[in-house]
Amino acid sequence: MDLGIAGRRTAVAAGSSGLGLGAAKTLAAEGAQVVICGRDQGRLDRAVEEIGHGAVSLAVDVGSAEGGTEFVAAAAEALGGPIDILVPNAGGPPAGTFESTPVDAYTGALDLNLLSIVAMCKAVVPGMQERGWGRVVAITSVSVRQPIPNIILSNTARAGATAFLKTLALEVAADGVTVNTVQPGTHDTPRIDALVTPEQKAQMRLGDADDFGSIVTFLCSEQASFVTGLQMHVDGGSFGGLQ
(Lines give C-alpha, C1' and ligand atoms only; values in the text may rest on other atoms or scores of the structure.)
Protein backbone atom coordinates (compact mmCIF):
# COMPACT_ATOMS: atom_id res chain seq x y z
CA MET A 1 0.00 0.00 0.00
CA ASP A 2 1.31 3.44 -0.95
CA LEU A 3 0.83 5.65 2.12
CA GLY A 4 1.24 8.84 0.12
CA ILE A 5 3.99 10.37 2.24
CA ALA A 6 6.96 10.04 -0.12
CA GLY A 7 8.98 13.25 -0.02
CA ARG A 8 7.23 14.62 3.05
CA ARG A 9 9.61 16.52 5.32
CA THR A 10 9.62 14.70 8.64
CA ALA A 11 11.09 15.46 12.06
CA VAL A 12 11.32 12.62 14.59
CA ALA A 13 12.39 13.80 18.03
CA ALA A 14 14.61 11.50 20.09
CA GLY A 15 14.91 9.21 17.08
CA SER A 16 18.32 7.74 17.77
CA SER A 17 17.02 4.69 19.66
CA GLY A 18 13.95 2.90 20.92
CA LEU A 19 10.48 3.77 19.67
CA GLY A 20 11.63 6.99 17.99
CA LEU A 21 14.12 5.02 15.94
CA GLY A 22 11.43 2.51 15.03
CA ALA A 23 9.21 5.33 13.77
CA ALA A 24 12.05 6.97 11.84
CA LYS A 25 12.91 3.70 10.10
CA THR A 26 9.39 3.00 8.90
CA LEU A 27 8.75 6.58 7.83
CA ALA A 28 11.98 6.64 5.82
CA ALA A 29 11.13 3.30 4.23
CA GLU A 30 7.91 4.88 2.94
CA GLY A 31 9.92 7.62 1.23
CA ALA A 32 9.62 10.40 3.79
CA GLN A 33 12.62 12.71 4.20
CA VAL A 34 13.58 12.10 7.82
CA VAL A 35 15.58 14.12 10.34
CA ILE A 36 16.14 12.71 13.82
CA CYS A 37 17.72 14.18 16.91
CA GLY A 38 19.45 12.91 20.03
CA ARG A 39 22.13 13.80 22.54
CA ASP A 40 24.77 11.20 21.73
CA GLN A 41 26.57 11.69 18.40
CA GLY A 42 27.79 8.10 18.24
CA ARG A 43 24.28 6.77 18.73
CA LEU A 44 22.98 9.24 16.14
CA ASP A 45 25.55 8.05 13.60
CA ARG A 46 24.55 4.43 14.14
CA ALA A 47 20.87 5.31 13.89
CA VAL A 48 21.25 7.18 10.60
CA GLU A 49 23.08 4.21 9.15
CA GLU A 50 20.28 1.90 10.30
CA ILE A 51 17.52 4.17 8.98
CA GLY A 52 19.15 4.72 5.58
CA HIS A 53 17.22 6.49 2.81
CA GLY A 54 19.21 9.70 3.25
CA ALA A 55 18.18 10.31 6.85
CA VAL A 56 19.89 13.19 8.65
CA SER A 57 20.76 13.51 12.33
CA LEU A 58 21.03 16.54 14.59
CA ALA A 59 22.68 16.66 18.01
CA VAL A 60 19.89 18.45 19.87
CA ASP A 61 18.44 17.80 23.31
CA VAL A 62 14.64 18.08 23.25
CA GLY A 63 14.37 17.98 27.03
CA SER A 64 12.92 21.49 27.21
CA ALA A 65 10.75 23.92 25.28
CA GLU A 66 13.86 25.64 23.97
CA GLY A 67 15.31 22.35 22.79
CA GLY A 68 12.09 21.39 21.05
CA THR A 69 11.98 24.70 19.19
CA GLU A 70 15.65 24.40 18.26
CA PHE A 71 15.16 20.91 16.87
CA VAL A 72 12.28 21.66 14.52
CA ALA A 73 13.95 24.84 13.26
CA ALA A 74 17.17 22.96 12.53
CA ALA A 75 15.24 20.09 10.94
CA ALA A 76 13.42 22.46 8.59
CA GLU A 77 16.73 24.01 7.60
CA ALA A 78 18.29 20.60 6.97
CA LEU A 79 15.31 19.51 4.87
CA GLY A 80 15.11 22.72 2.89
CA GLY A 81 11.54 23.56 3.83
CA PRO A 82 8.85 23.48 6.50
CA ILE A 83 7.99 20.31 8.41
CA ASP A 84 5.08 18.23 7.10
CA ILE A 85 5.21 15.41 9.65
CA LEU A 86 6.19 15.84 13.29
CA VAL A 87 6.75 12.96 15.71
CA PRO A 88 7.19 14.51 19.18
CA ASN A 89 9.01 12.13 21.46
CA ALA A 90 11.43 12.17 24.37
CA GLY A 91 12.98 9.85 26.89
CA GLY A 92 11.35 9.33 30.26
CA PRO A 93 12.20 11.15 33.49
CA PRO A 94 13.71 9.30 36.46
CA ALA A 95 11.74 6.58 38.17
CA GLY A 96 10.20 7.23 41.56
CA THR A 97 7.12 7.20 43.76
CA PHE A 98 5.14 9.98 45.42
CA GLU A 99 7.15 9.43 48.59
CA SER A 100 10.57 9.42 46.94
CA THR A 101 10.05 12.22 44.42
CA PRO A 102 10.64 15.82 45.53
CA VAL A 103 8.38 18.60 44.27
CA ASP A 104 11.13 20.31 42.27
CA ALA A 105 11.64 17.13 40.18
CA TYR A 106 8.29 17.71 38.52
CA THR A 107 9.55 20.81 36.75
CA GLY A 108 12.13 18.85 34.78
CA ALA A 109 9.61 16.14 33.91
CA LEU A 110 7.13 18.70 32.60
CA ASP A 111 9.87 20.33 30.54
CA LEU A 112 10.85 16.97 29.07
CA ASN A 113 7.51 15.32 28.37
CA LEU A 114 5.06 18.22 28.05
CA LEU A 115 6.55 21.62 27.31
CA SER A 116 8.95 20.28 24.67
CA ILE A 117 5.92 18.89 22.80
CA VAL A 118 4.01 22.16 23.14
CA ALA A 119 7.00 24.07 21.75
CA MET A 120 7.50 21.73 18.79
CA CYS A 121 3.84 22.01 17.87
CA LYS A 122 3.89 25.80 18.27
CA ALA A 123 6.78 25.95 15.84
CA VAL A 124 5.34 23.74 13.08
CA VAL A 125 1.55 23.47 13.29
CA PRO A 126 0.69 27.03 12.13
CA GLY A 127 2.62 26.38 8.90
CA MET A 128 0.79 23.08 8.44
CA GLN A 129 -2.49 24.94 8.81
CA GLU A 130 -1.49 27.49 6.18
CA ARG A 131 -0.54 24.74 3.72
CA GLY A 132 -3.65 22.68 4.47
CA TRP A 133 -1.76 19.47 5.30
CA GLY A 134 0.12 18.17 8.30
CA ARG A 135 0.58 15.24 10.62
CA VAL A 136 1.53 15.24 14.31
CA VAL A 137 1.88 11.81 15.90
CA ALA A 138 3.25 11.96 19.43
CA ILE A 139 4.74 9.02 21.29
CA THR A 140 3.53 9.06 24.89
CA SER A 141 2.68 6.06 27.12
CA VAL A 142 -0.19 3.78 28.08
CA SER A 143 0.44 5.10 31.60
CA VAL A 144 -1.86 8.05 30.82
CA ARG A 145 -4.75 5.53 30.82
CA GLN A 146 -3.45 3.25 33.56
CA PRO A 147 -0.66 4.76 35.69
CA ILE A 148 2.42 2.59 35.96
CA PRO A 149 3.91 2.10 39.44
CA ASN A 150 7.22 3.80 40.26
CA ILE A 151 7.19 6.32 37.39
CA ILE A 152 5.02 9.06 38.87
CA LEU A 153 6.85 11.81 36.98
CA SER A 154 6.23 10.19 33.59
CA ASN A 155 2.61 9.39 34.45
CA THR A 156 1.97 13.01 35.39
CA ALA A 157 3.75 14.79 32.55
CA ARG A 158 2.51 12.53 29.77
CA ALA A 159 -1.09 12.89 30.95
CA GLY A 160 -0.71 16.63 30.49
CA ALA A 161 0.74 16.15 27.03
CA THR A 162 -2.20 13.95 26.06
CA ALA A 163 -4.68 16.63 27.11
CA PHE A 164 -2.76 19.28 25.18
CA LEU A 165 -2.62 17.17 22.00
CA LYS A 166 -6.31 16.28 22.14
CA THR A 167 -7.20 19.96 22.51
CA LEU A 168 -4.90 20.87 19.62
CA ALA A 169 -6.45 18.18 17.43
CA LEU A 170 -9.91 19.68 17.89
CA GLU A 171 -8.68 23.17 17.06
CA VAL A 172 -6.89 22.29 13.80
CA ALA A 173 -9.01 19.44 12.43
CA ALA A 174 -10.69 21.65 9.84
CA ASP A 175 -7.33 22.79 8.47
CA GLY A 176 -6.14 19.43 7.10
CA VAL A 177 -3.88 18.79 10.09
CA THR A 178 -4.26 15.64 12.16
CA VAL A 179 -2.93 15.26 15.70
CA ASN A 180 -2.79 11.84 17.33
CA THR A 181 -0.94 10.10 20.14
CA VAL A 182 0.35 6.55 20.19
CA GLN A 183 0.65 5.11 23.67
CA PRO A 184 3.14 2.27 24.00
CA GLY A 185 3.04 -0.36 26.65
CA THR A 186 6.17 -2.40 27.32
CA HIS A 187 8.52 -2.57 24.34
CA ASP A 188 12.06 -3.87 24.04
CA THR A 189 13.91 -0.55 24.24
CA PRO A 190 16.78 0.96 26.25
CA ARG A 191 14.18 2.61 28.51
CA ILE A 192 12.99 -0.80 29.70
CA ASP A 193 16.59 -1.85 30.30
CA ALA A 194 16.97 1.17 32.58
CA LEU A 195 13.85 0.40 34.60
CA VAL A 196 13.98 -3.36 35.19
CA THR A 197 16.56 -6.03 35.89
CA PRO A 198 17.55 -8.59 33.23
CA GLU A 199 15.72 -11.23 35.27
CA GLN A 200 12.53 -9.17 35.30
CA LYS A 201 12.85 -8.43 31.61
CA ALA A 202 13.15 -12.13 30.79
CA GLN A 203 9.68 -12.66 32.28
CA MET A 204 8.04 -9.83 30.34
CA ARG A 205 6.10 -9.87 27.08
CA LEU A 206 7.71 -7.14 25.01
CA GLY A 207 6.64 -5.34 21.86
CA ASP A 208 8.91 -4.64 18.89
CA ALA A 209 9.96 -1.03 18.23
CA ASP A 210 9.80 -1.41 14.44
CA ASP A 211 6.24 -2.76 14.62
CA PHE A 212 5.35 0.21 16.79
CA GLY A 213 6.90 2.49 14.17
CA SER A 214 4.57 1.07 11.54
CA ILE A 215 1.57 2.24 13.59
CA VAL A 216 3.04 5.73 13.82
CA THR A 217 3.71 5.74 10.08
CA PHE A 218 0.18 4.74 9.15
CA LEU A 219 -1.23 7.62 11.21
CA CYS A 220 0.96 9.92 9.10
CA SER A 221 -0.50 8.57 5.86
CA GLU A 222 -3.02 9.96 3.40
CA GLN A 223 -5.31 7.07 4.28
CA ALA A 224 -5.43 8.32 7.89
CA SER A 225 -6.55 11.83 6.94
CA PHE A 226 -9.85 11.43 8.84
CA VAL A 227 -8.20 10.05 11.99
CA THR A 228 -7.46 12.78 14.51
CA GLY A 229 -7.66 13.29 18.24
CA LEU A 230 -6.94 9.58 18.70
CA GLN A 231 -5.12 8.10 21.67
CA MET A 232 -4.10 4.65 20.45
CA HIS A 233 -2.63 2.27 22.98
CA VAL A 234 -0.17 -0.28 21.55
CA ASP A 235 0.44 -2.45 24.55
CA GLY A 236 -0.11 -6.11 23.74
CA GLY A 237 -3.40 -6.08 25.66
CA SER A 238 -1.97 -5.01 29.01
CA PHE A 239 -4.45 -2.15 29.52
CA GLY A 240 -7.32 -3.52 31.55
CA GLY A 241 -10.06 -0.96 30.82
CA LEU A 242 -12.75 -0.92 28.16
CA GLN A 243 -11.63 2.37 26.60
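The values are calculated or read from the model by the stated rules, or taken from the named source; none is laboratory data. Since the model is a prediction, treat every value here as computed from it, not as a measurement. As a convention, Cβ positions derive from the backbone with ideal geometry for all residues, glycine included, and neighbour counts pool all protein chains shown.
The table that follows gives values for the structure above.
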read-out: Breaking point among (1) of a type in the set (S, T, N, Q); (2) in contact with a Pro (Cβ under 8 Å, 6 or more places away or on another chain); (3) at pLDDT 95 or above, for Thr26; value: (2)
read-out: Residue in the range 140-153 that is more than 21 Å from Gly4 (Cα to Cα), modelled with pLDDT of 95 or more and assigned to a helix (DSSP H, G or I) present; value: yes
read-out: Flag if Val60 is of a type in the set (Val, Ile, Thr), buried (at least 18 other Cβ atoms within 10 Å of the Cβ), under 13 Å from the mean Cα position of the chain (by Cα) and under 28 Å from Ile152 (Cα atoms); value: no
read-out: Residue in the range 144-166 that is surrounded by the most Cβ atoms within 10 Å (Cβ to Cβ), counting only those that are within 21 Å of Ser64 (Cα to Cα) and of a type outside the set (A, V, I, L, M, F, W, C); value: Arg158
read-out: Some residue of the range 94-105 being surrounded by fewer than 22 Cβ atoms within 10 Å (Cβ to Cβ) and at pLDDT below 95; value: yes
read-out: Check on Glu130, acidic (Asp, Glu) and not in a helix (DSSP H, G or I); value: no
read-out: Residues satisfying the stated conditions in the range 124-154, i.e. charged (D, E, K, R) and either over 24 Å from Asp111 (Cβ atoms) or free of Cβ contacts under 8 Å to residues at least 12 places away in the same chain (or both); value: Glu130, Arg131, Arg135
read-out: Residue tally, condition within 23 Å of Leu21 (Cα to Cα), touching a helix residue (DSSP H, G or I) at 6+ places or on another chain (Cβ under 7 Å) and of a type in the set (A, V, I, L, M), over the range 134-152; value: 6
read-out: Residues satisfying the stated conditions in the range 106-138, i.e. buried (at least 16 other Cβ atoms within 10 Å of the Cβ) and of a type in the set (Ser, Thr, Tyr); value: Ser116
